[in-house]
Amino acid sequence: MEKHIKVLLLEDTPLDAELIERQLVKGGLDFELLVVNSKSKFERALNDFAADIILSDHSLPNFDSHDALEMIRNSGVIVPFILITSTMTDEFAVKVMQEGAHDYIIKDRLLRLPSAVKNLIEKFRLAKEQREERYRSSEDMKYLNHRLLLATKSADIGVWDWNLLTRDLVWDDSMYRMYQIEAGEFPSLYDGWVMRLHPDDRAIIG
């Protein structure tokens with residue numbers, strides 16, 4: 001069963017809006033359609049309608065797809081955008097895609113509109129899941145780092161990392177505190193640490 005989707009259509013010609021709606025129905029989509037025909041209504045719909053996808057004509061009175069894309073960028077809304085227009089030159093297609101459109105369809109070729117809508121919504125759904133997974137991974141890492149910090153402080157131990165190729169040595173703050181030195185007092189190299197050891201300890205590590 002297809003997921004119910006919310007479609008925001010920016011179109012000022014009722015007949016074109018009807019043709020677009022009819023094509024979506026023929027494509028088997030389960031959808032709620034909101035048609036707006038002005039900048040103010042489009043802005044309100046961006047905030048209140050929570051569209052899954054935006055379909056837009058290019059030219060409306062005192063408002064066009066360039067303005068619509070700019071409003072979307074400024075709003076912070078992440079939503080797929082399909083431009084539906086009567087004509088399209090290669091130069092205009094490149095420009096509108098650079099501005100943030102994800103696809104474009106000529107009005108007399110609406111047959112592929114349903115599949116374009118389905119594909120973009122699925123693409124954005126997967127991208128959202130990936131963003132959420134990265135966020136969860138980032139939060140998990142922050143939590144683990146916090147737990148490690150608490151553990152090292154409680155045990156009064158330090159954490160260090162040694163690059164075997166460059167011989168660079170990286171210490172955390174606890175290491176500097178335990179050795180009672182400032183970060184800039186010796187070169188961050190393994191050899192610099194060795195020179196800080198007692199002679200008997202140097203013999204042990206070779």
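The values are calculated or read from the model by the stated rules, or taken from the named source; none is laboratory data. The model shown is predicted, which means the values in this text are computed figures rather than measured ones. Note that each Cβ is placed from the backbone with ideal geometry, even for glycine, and that neighbours are counted across all protein chains shown.
Observations
- Scanning region 1-12 for residues that are more than 10 Å from Val35 (Cβ to Cβ) and of a type outside the set (A, V, I, L, M, F, W, C) turns up Glu2, Lys3, His4, Lys6.
- Screening region 158-188 for residues that are in contact with a strand residue (DSSP E or B) (Cβ under 6 Å, 6 or more places away or on another chain) and of a type outside the set (S, T, N, Q) and picking the one that is farthest from Arg147 (Cα to Cα) gives Arg167.
A quick yes/no check of all residues on (1) hydrophobic (A, V, I, L, M, F, W, C); (2) farther than 25 Å from Gly27 by Cα; (3) assigned by TED's automatic domain parsing to the domain that holds Phe42:
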position: His58; (1), (2), (3): no, no, yes
position: Arg73; (1), (2), (3): no, yes, yes
position: Ser86; (1), (2), (3): no, no, yes
position: Phe92; (1), (2), (3): yes, yes, yes
position: Leu111; (1), (2), (3): yes, no, yes
position: Ser115; (1), (2), (3): no, no, yes
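- Checked against the criterion of being hydrophobic (A, V, I, L, M, F, W, C) and farther than 29 Å from Trp193 by Cα, region 127-139 has at least one qualifying residue.
- Which listed residue is in a helix (DSSP H, G or I), over 29 Å from the mean Cα position of the chain (by Cα) and more than 30 Å from Lys26 (Cα to Cα), from Ser174, Ser138: Ser174
- Residues that are without any contact (Cβ under 8 Å) to a residue 60 or more places away in the chain and either under 15 Å from Ser56 (Cβ atoms) or surrounded by 13 or more Cβ atoms within 10 Å (Cβ to Cβ) (or both) within region 9-24 comprise Leu9, Leu10, Asp12, Thr13, Ala17, Glu21, listed in sequence order.
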